[in-house]
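Every number here is computed from the coordinates shown, using simple stated rules; none is lab data. Since we're looking at a predicted model, the values are computed, not measured. FYI the Cβ positions are ideal-geometry reconstructions off the backbone, even for glycines, and counts take in every protein chain you see.
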Amino acid sequence: MSENSLFAILMRSPWWISFAVAAVIALLGKIIASGEYFSYGVAFTLPFIVVGSISAWKQRNEPSAARVEDTIEAVSAMSWREFSGLMEKAFERDGFTVKRIDGAADFLLEKQGRTSVVCCKRWKAASQGVEPLRELEAAREAREAREALYVSANGVSDAARQFAKEHRMALMLAPQLARLLRLPRKSLPRK
């Protein structure tokens, strides 16, 4: 499927948009097509209902935009000690053996014989460039780790995103961070 096709765009959009498009098509079908042709008009809604259902299934565990924003606000107010402890507990909860390390990477994760290096020191910075990712890549090579994960609450530059893609590095940005940390509501600041 082309990245810019209507259905690809709908798959990346909130699930309810596909159902809204289906409802509009059905309404237009009711207005334009009468009687026996109405069922053909309704048939055109089926692809949108399928895409909406797939999107809803994929998005069922995704944190809401408000939850992501609240989580980022909470972690941005934390010290490095608090944040790193929270990250360590979250990785352990997900079944990793976690070892703190020094240098470009902060953690060495092991699970099922696979080793990963994780860098999350600069989680508060507004936007990250390529240099920290280069350092993480060097740490991965030095430790002969299979994977590298870079954590940033506020995003990375396009050049950094491209570098990560070229070097098969995973980026953990705000939505993934909110999903990993699963902060209780009482830990999130109230507005």
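Calculate the dipole size of the chain relative to its Cα centre from +1 charges on Lys and Arg beta carbons and -1 charges on Asp and Glu beta carbons; express the result in debye to the nearest 20.
About 580 debye.
Note down the relative contact order for the chain as a percent, whole number, built from C-alpha pairs under 8 angstrom at least six residues apart. It would help to have the intermediate numbers written out before the result.
Details: 251 pairs, mean separation 32.8, N = 191.
Averaging sequence separation for qualifying contacts and normalising by length gives 17 percent for the chain.
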Relative counts (whole %) of C-alpha pair distances in region 6-59, using bins that are 10 Å wide: 29, 46, 21, 4
Starting from the amide H of residue 101, placed 1.01 Å from N in the peptide plane, find each other amide H under 5 Å away whose residue is 5 or more places distant or on another chain. 107, 108
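Compute the convex hull volume of the Cα atoms of region 90-191, divide it by the residue count, and report the result per residue in Å³ as a whole number. Don't jump to the answer; show the numbers that get you there.
On the way: hull volume 11.0 nm³, N = 102.
About 107 Å³ per residue, rounded to a whole number.
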Note the angle between two axes, namely the Cα long axis of helix 131-143 and the longest principal axis of the Cα atoms of the chain, as a number of degrees from 0 to 90, rounded to the nearest 10. 70
So if we plug the beta-carbon distance of residue 147 and residue 6 into 1/(1 + (r/R0)^6) with R0 = 41 Å, what FRET efficiency do we get, rounded to 0.05? 0.75
Per-residue ellipticity at 222 nm attributable to helices in the chain (runs of n ≥ 4 DSSP H, -39500 (n - 2.57) apiece, nearest 500 deg cm²/dmol) works out to -16000 deg cm²/dmol
Taking Rh as the Kirkwood radius, which is the inverse of the mean 1/r over Cα pairs, what is the Rg/Rh value for region 40-161? 1.12
Please list, in order along region 144-151, the HN-Hα scalar couplings obtained from phi with the Karplus expression 6.51 cos²θ - 1.76 cosθ + 1.60 (θ = phi - 60°), rounded to whole Hz, x for Gly and Pro. 6, 7, 6, 10, 9, 10, 10, 9
Whole-Hz Karplus couplings 3J(HN,Hα) for region 100-114, θ = phi - 60° and coefficients 6.51, -1.76, 1.60, Gly and Pro as x, run 6, 9, 9, x, 5, 9, 9, 9, 10, 9, 10, 7, 6, x, 9
Going fewest to most other Cβ atoms within 10 Å around each Cβ, 45, 97, 115, 71 line up as 97, 115, 45, 71
Hey, got a sec? Which trypsin sites (Lys or Arg not before Pro) in region 4-105 land in a DSSP loop and have at most 10 other Cβ atoms within 10 Å? 60
